[in-house]
Amino acid sequence: MDEQLAIRQLKNGDIGGLESLVQRHQVKAVRTAYLVTRDLGLAEDVVQDSFLRAFRSIRGFDAARPFEPWFLRSVVNAAVKAAQKSAQHVTVDEESGEALFSELVARVESVESQVETAEVQRQLWEAMQKLSARQRAVIVQRYFLQMSEKEMALELKAAPGTVKWLLNAARERLRSLLTERSEE
């Protein structure tokens, strides 16, 4: 079933359209939520709740626009709230965390660059874990979801300058953490 048909079904109150949307967007949504929450179980709960919220609010969705960015923004917002609510630093199983992050980085050809890339990924993953949920969220929105600053401003209901500030603060914190790491 195509996405537009699924959305029409949902707008008509037929929950059957949700199955198609779940199959199409669940994996990316869970990855997105996981990058913000650092907890796979919590990320899965966030995504499940986000699908149900999408079903309840689909009538307000403009079907002329793509579903994925609208839905993933909802996932990011819910993930930030969930991470802040839990207010705990969850220890991530190194293997699953690194495996997820490895999927985000393009494959390299030489053995030497693979070793270098693996080390950079590990360092970046560790640094990301030290960011606040809000900082992780803006990094995920910009670099994983590839949202423009304008899209982020609309989603956050904030001025473009505020988004630039949030993004800059998150990048500076990452840079600082990575610099500390390289000096050790």
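The values are calculated or read from the model by the stated rules, or taken from the named source; none is laboratory data. None of the values given here were measured: they were computed from a predicted structure. Here the Cβ positions follow ideal geometry from the backbone for every residue, glycine too, while neighbour counts run over all protein chains shown. Side chains are part of the model used for accessible areas, which takes the heavy atoms of the whole protein and leaves out ligands, DNA and RNA. Shrake-Rupley method; radii C 1.70, N 1.55, O 1.52, S 1.80 Å.
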Counting just the residues of the range 140-169 that are in contact (Cβ under 8 Å) with a residue 60 or more places away in the chain and assigned to a helix (DSSP H, G or I), which one comes out most open to solvent (accessible area, probe 1.4 Å)? Glu151
Out of Gln4, Gln26, report the one residue that is out of contact with any Cys (no Cβ under 8 Å at 6 or more places or on another chain), part of a helix (DSSP H, G or I), touching a residue at least 12 places away in the same chain (Cβ under 8 Å) and surrounded by fewer than 14 Cβ atoms within 10 Å (Cβ to Cβ). Gln4
Can you go through Ser57, Ser50 and tell me which one is open to solvent by less than 70 Å² (accessible area, probe 1.4 Å), part of a helix (DSSP H, G or I) and modelled with pLDDT of 90 or more? Ser50
Which condition number does Glu103 fail, the rest of (1) part of a helix (DSSP H, G or I); (2) within 25 Å of Asn77 (Cβ to Cβ); (3) modelled with pLDDT under 85; (4) open to solvent by less than 60 Å² (accessible area, probe 1.4 Å) being met? (4)
Being of a type in the set (D, E, K, R) and either open to solvent by less than 10 Å² (accessible area, probe 1.4 Å) or part of a helix (DSSP H, G or I) (or both) is the filter here, so list the residues in the range 122-138 that pass it. Arg122, Glu126, Arg134, Arg136
Inspect all residues belonging to the range 61-68 and state whether any of them is within 27 Å of Tyr143 (Cα to Cα) and assigned to a helix (DSSP H, G or I). yes
Quick check on Ser110: is it open to solvent by less than 50 Å² (accessible area, probe 1.4 Å) and modelled with pLDDT of 85 or more? no
